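**Student:** So that we are looking at the same thing, I have put the structure below in structure tokens.
Just so it is clear, none of the values below were taken in a lab; they were calculated from the coordinates. In this text the structure is predicted, and so the values were computed from the model without any measurement. Ideal geometry is used to build each Cβ from the backbone, glycine not excepted, and the neighbour counts take in all protein chains shown.
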Amino acid sequence: MTPADLSSTVARAVRRAVEDGELPAETGVPERIVVERTRPGGVGDYATPVAFQVARAAGRTPAEVARVIADGLAAEPGLDRVEITGAGFLNFTLAPRAAAELVREVLVRGRRYGYADDALDPGPFCWGPTAGFRQRAVHEAVVRILRSQGSSHGNSQGSADGAAPPPVAPVARRDGDVVAVYGRDAATWAALAVPARETPHFDAGLLVQDESGEFFLVRYAHSRAKALGRAATRLGFHAEPGPVDARALLRLLAEYPLVLEAAAHRRAPEQLVRFLVRVADELLDFQHCVLPKGDEKPSAAHRARLALAEAAGTVLAGGLALLGIDAPDCL
């Protein structure tokens, strides 16, 4: 089971509990069940507060509802453990997923890895003359992310669920024309790096051409993945998914679909920004073991490492595209 499958799996468990009479017939299945990475100090890999959503309609305590749902998930393939903590939080530990299977899925789906099966392409954006740069950047990113998750509510003006677009703090007057100063991509990154209600921060760090700047870091990591592929071609080998020891990077790739789902639910592109920085950090640490060294001959291990690096680069490119930022092959 992938992390992205958890939400629908839990929804099915709630639905079965109602159909089997374990929960009252008037209990509704929430339209969306939030599943997120467990916070530090928590239990398992992922958690959901769904029992609290269901409890009121069911006339039960969250703990009682959580127990019913947990029992219904006990034999679900792909789940290693389901535990209840606090007043009714469900916590999940996933069964290990083969690295080759995950990497192959990313490479096959390409930049649309993490998209829902019913994903939609955003239409052309059209803005009135009074719309500010940051308003456009935030709303366009929100629409792209929403529609990647199959939401038909986001439109070219950035509204969602039939409601007015969320308020967006503009660029501070002191920052002037940020596109002219920093370039459109760097300015967009800064505009999306903090929640929409907060004033974005622009400084010379956006122009830094080393790994101390997060904007450079993410695009550089993508370009390094591309460079590794070109170097491997010159050495006469290509990527082939297989076993690879890179737990942190693999975990991030598996988590990406949930990150997109959460960013869509909260209309929060800054969550995607933070995630891409984490992927870039791990990829840049991992890159040093991808290619053969010295007289070493390319092996199955090198091919598997290259496949993982290319998969990480694919996630970076896909995430940047959703933010409206270019991912150059060379940097």
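**Student:** Quick one: which of 172-183, 59-70 comes out on top by average Cβ neighbours within 10 Å, and what's the full order, highest first?
**Tutor:** Descending packing order for the listed peptides: 59-70, 172-183.
**Student:** What is the gain in length, in nm to one decimal, between residue 212 and residue 130 on full extension, counting 0.36 nm per residue of separation less the C-alpha to C-alpha distance?
**Tutor:** 26.0 nm
**Student:** Per 0.36 nm of contour for each residue apart, how much would the distance between residue 289 and residue 1 grow if the chain were fully extended, relative to their Cα-Cα spacing? Present the calculation step by step, with values, prior to reporting the outcome.
**Tutor:** Details: separation 288, 0.36 × 288 = 103.68 nm, distance 2.85 nm.
Net length gain for the segment: 100.8 nm.
**Student:** Please work out the C-alpha center-to-center distance from region 237-312 to region 1-27 and express it in whole Å.
**Tutor:** With region 237-312 and region 1-27 each reduced to a Cα centre, they are spaced 32 Å.
**Student:** Arranged from highest to lowest average of other beta-carbon atoms within 10 Å per residue, in what order do the peptides 139-148, 203-212 appear?
**Tutor:** Working: 139-148: 25.3, 203-212: 12.3.
Averaged packing, sorted descending, gives the order 139-148, 203-212.
**Student:** Something else about it: By how many nm would the segment from residue 19 to residue 174 lengthen if fully extended, with 0.36 nm per residue of separation less the alpha-carbon distance? Intermediate results must be reported in sequence, preceding the final value.
**Tutor:** Numbers: separation 155, 0.36 × 155 = 55.80 nm, distance 5.96 nm.
That works out to 49.8 nm of additional length.
**Student:** Quick one: if the Förster radius is 35 Å, what FRET efficiency do residue 199 and residue 121 give, using the C-beta to C-beta distance and rounding to 0.05? Spell out each step's value before the answer.
**Tutor:** Numbers: r = 31 Å, r/R0 = 0.90.
Here the calculated transfer efficiency is 0.65.
**Student:** Between (i) 0.93; (ii) 1.56; (iii) 1.09, which entry matches Cα Rg over 2.2 N^0.38 Å as derived from the coordinates of this structure?
**Tutor:** It is the one labelled (iii).
**Student:** Restricting to region 1-138, what percent of DSSP beta bridges are antiparallel, rounded to 5? Walk me through the numbers on the way to the answer.
**Tutor:** Numbers: 11 of 11 bridges.
Of the beta bridges lying entirely in region 1-138, close to 100 percent run antiparallel.
**Student:** State to the nearest 20 debye the size of the charge dipole of the chain about its Cα centre, where the only charges are +1 on K and R beta carbons and -1 on D and E beta carbons.
**Tutor:** My answer is approximately 460 debye.
**Student:** I've got another one for you. According to the square roots a ≥ b ≥ c of the eigenvalues of the Cα gyration tensor, what is the shape class of region 292-331, taking rounded for a/c under 1.5, prolate for a/b larger than b/c otherwise, and oblate for the remainder?
**Tutor:** Because a/c hits 1.5 or more and a/b fails to exceed b/c, region 292-331 counts as oblate.
**Student:** Counting Lys and Arg as +1 and Asp and Glu as -1, what is the net charge of the other residues whose Cβ lies under 13 Å from the Cβ of residue 49? Walk me through the numbers before you get to the answer.
**Tutor:** On the way: positive: 32, 39, 56; negative: 36.
Neighbour charge sum, excluding residue 49 itself: +2.
**Student:** What number, rounded to the nearest 500 deg cm²/dmol, is the helix-based mean residue ellipticity at 222 nm of the chain, given -39500 (n - 2.57) per DSSP H run of at least four residues and division by all its residues?
**Tutor:** -16000 deg cm²/dmol
**Student:** Step through the residues of region 263-277 one at a time and calculate ³J(HN,Hα) from phi using the Karplus curve (6.51 cos²θ - 1.76 cosθ + 1.60, θ = phi - 60°), rounding each to whole Hz and writing x for Gly and Pro.
**Tutor:** 5, 5, 4, 9, 6, 10, x, 4, 5, 5, 4, 4, 5, 4, 5
**Student:** Mind ordering 230-239, 299-308, 213-222 by average Cβ neighbours within 10 Å, highest first?
**Tutor:** Descending mean neighbour count gives 213-222, 299-308, 230-239.
**Student:** Then there is this: What ³J(HN,Hα) values, in whole Hz, does the Karplus curve 6.51 cos²θ - 1.76 cosθ + 1.60 give for region 57-63 when θ = phi - 60°, with x put for Gly and Pro?
**Tutor:** Once θ is set to phi - 60°, the couplings for region 57-63 become 5, 7, x, 10, 6, x, 5 Hz.
**Student:** If you take every residue apart from residue 289 with its C-beta less than 12 Å away from the C-beta of residue 289, what net charge results, scoring Lys and Arg +1 and Asp and Glu -1? Before the final figure, lay out each step's value.
**Tutor:** Numbers: positive: 293, 305; negative: 245, 285, 296.
Cβ neighbours under 12 Å give a net charge of -1.
**Student:** Using amide H atoms built 1.01 Å from N in the peptide plane, name the residues 5+ places from residue 81, or on other chains, whose amide H lies under 5 Å from its own.
**Tutor:** The list, which skips near neighbours in sequence, is 93.
**Student:** Run the simple label-point estimate for residue 57 and residue 299 please: 7 Å along Cα→C-beta, distance reported in nm.
**Tutor:** 5.5 nm
**Student:** Quick one: check the C-alpha center-to-center distance for region 176-218 versus region 87-150, whole angstrom.
**Tutor:** 21 Å
**Student:** Of 44, 75, 13, which is farthest on the positive side of the dipole of region 5-94, counting Cα position, with +1 on Lys and Arg Cβ, -1 on Asp and Glu Cβ, and the Cα centre as origin?
**Tutor:** Farthest towards the positive pole: 44.
**Student:** Same structure again: At what distance in nm do the modelled label points of residue 231 and residue 98 sit from each other, each positioned 7 Å from its Cα along Cα→Cβ?
**Tutor:** Distance between the two pseudo-spin positions: 2.9 nm.
**Student:** While we're on this one: GNM, the chain, Cα, under 10 Å: largest mean-square fluctuation among 129, 166, 96?
**Tutor:** With Cα springs under 10 Å in the chain, the top fluctuation among 129, 166, 96 is at 129.
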